[in-house]
1. Apply the a/c threshold of 1.5 to the C-alpha gyration tensor of the stretch 306-371 and tell me whether it is rounded, prolate or oblate.
2. Label the stretch 232-360 by shape, choosing from rounded, prolate and oblate, from the square roots a ≥ b ≥ c of the eigenvalues of the Cα gyration tensor; if a/c is under 1.5 it is rounded, and otherwise prolate applies when a/b is larger than b/c, oblate when it is not.
3. Which aspartates and glutamates, on any chain, are close to residue 431 with Cα under 17 Å apart, when same-chain ones fewer than 8 places away are left out?
4. Sorted by average packing, counted as other Cβ atoms within 10 angstrom per residue and highest first, what order do 376-385, 117-126 take?
5. Leaving out ligands, DNA and RNA, what percent of the accessible area of the stretch 180-231 is carbon and sulfur, probe 1.4 Å?
6. Apply 1/(1 + (r/R0)^6) to the Cβ-Cβ distance of residue 313 and residue 414, taking R0 = 30 Å, and write down the FRET efficiency to the nearest 0.05.
7. How many nm separate the modelled label positions at residue 282 and residue 123, each set 7 Å beyond the Cα in the direction of the Cβ?
8. In the stretch 292-446, what percent of the accessible surface is made up of carbon and sulfur (1.4 Å probe, ligands and nucleic acids excluded)?
Amino acid sequence: SLGTRCHCHSASKMVQLAWCASIIASVGMLEVVHMHAVSHAAACRPRLCRRSVAMVKEAGTNSKQPVDGIGLLKRIARLGRMHATPVALAQLTDDIDHPPENVPRQSPIHTFMDSLRRTRRKQLLAEMLRTDRQTYIETVSFLSIPRYELPNRQDVPLRACDRLVRPAASNSLAELPLNGLVPDCTLAALPMDENVAEAALLRITRDIYASETGMARSPVTGIRGLIEEMRRYMLSPQGVSPQAQQLVLVRTLRVLMTPFLPPFYRVFMGGIVPSSERGDPLWLVNAVQWVATKGDALPLPFNSTKLFTPGAQLGPLPYAPLLTSIVAPYAFGFLVGPASLNLRADGQLGGLVVEKCKFLQESNCKGMCLNSCKLPAQQLFEELGLPLRVTPNFATQECQWSFGEEAPPPEEDLTWPKGCIVGCTSRQALKELSGSESHDSVSTCE
């Protein structure tokens, strides 16, 4: 009856049916129901290949396989035959969560197979992300895969298997139909203390920001002091416009990078030919043009002088997204917090995820996130020759940085929620600044 009642047309329902049935089969119960449910799930979702369904059918014998060398090779071969489908990933996750009972958990074989299964699952998830992102989101939203093991967390909601949440008065968009506010993050705040190097970089950044804005320094130290100074500028007459907030941050980041780093990044990452119009050093401009002139004397299949026209962009170079994602956590970690490498939303290299953005945690303000972090960072890297898309998750306060990916304008970005955060620290101040208690706009901080 389980199979005959199935009328699923979405990936999530299909995965639930197949996975629940596989769990039943894994303990040796109702294997006929399991076979019928998996077959019907495959019929509801033609994308599930027959070979992956066959892998699931082996679930009932998983715990019965011997632990000798031949049995181990069979298990490894079974992993290799799996394909990037929801059913295969559901079975693989079940194997990880419920390993064979005849293999002791402290044994080398268990450790080896657990590592191999997790590696294979990560490979299959990456393949699914590249080929069918929507199916990837639906699949990982249901399966109990640790969040840190996902190749990309963008648009993946907070799940029951994720970190513990703190109680919140309202944590669902559906509960806020009248005022349209974005729910607060329900995760516990993390300590955001800085080490000596980070504290020094923050002091330098605050000095630069103060000189660019002309605003008085806040006595508060660390990232909280910087956020307080940014809020003061946002509430000032000269900083009330979003464009002014973005521009002053871009100027601050340019100074922070020093005059030496941008020219070399544009050349070796962005593939931009040096030019005096961009402010590149004259010796660098002349050196590249000298090389281009010498190239014309060689039997090259192109005109090097024309190719290396000052200001022309030949990139970004293929290695730029990955290399930048490796360096970025060390360069900007003092502003946003710890980050780890992952894949971009399209499944390609060049992504990193900020585990819990300390700028967003401490400000809890969408406007400051947009105008004092997201857009300035995207503009800066656009100037350097490498597109960047910054995608914060306001439910978890994670933030995805995807180097090499074009960013749509906020008004066209479907991942950017409308309205202000429930506990926004700036909205009430902006209402008071407007002088109208009846001013109820929820997006004033943007």
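1. It comes out prolate by the Cα gyration axes.
2. The shape class here is oblate.
3. Those aspartates and glutamates meeting the cut-off are 440, 446.
4. Top to bottom by mean Cβ count within 10 Å: 376-385, 117-126.
5. Here it works out to 60 percent.
6. Approximately 0.55, to the nearest 0.05.
7. So the two model labels end up 5.7 nm from each other.
8. It is 61 percent, rounded to a whole number.
The values are calculated or read from the model by the stated rules, or taken from the named source; none is laboratory data. As the structure is a prediction and not an experimental result, all values here were calculated from the model. Glycine also receives a Cβ, built like all others from the backbone with ideal geometry; neighbour counts cover every protein chain displayed. Please note that ligands, DNA and RNA were not included when accessible areas were found on the heavy atoms of the full protein model with its side chains. Shrake-Rupley method; radii C 1.70, N 1.55, O 1.52, S 1.80 Å.
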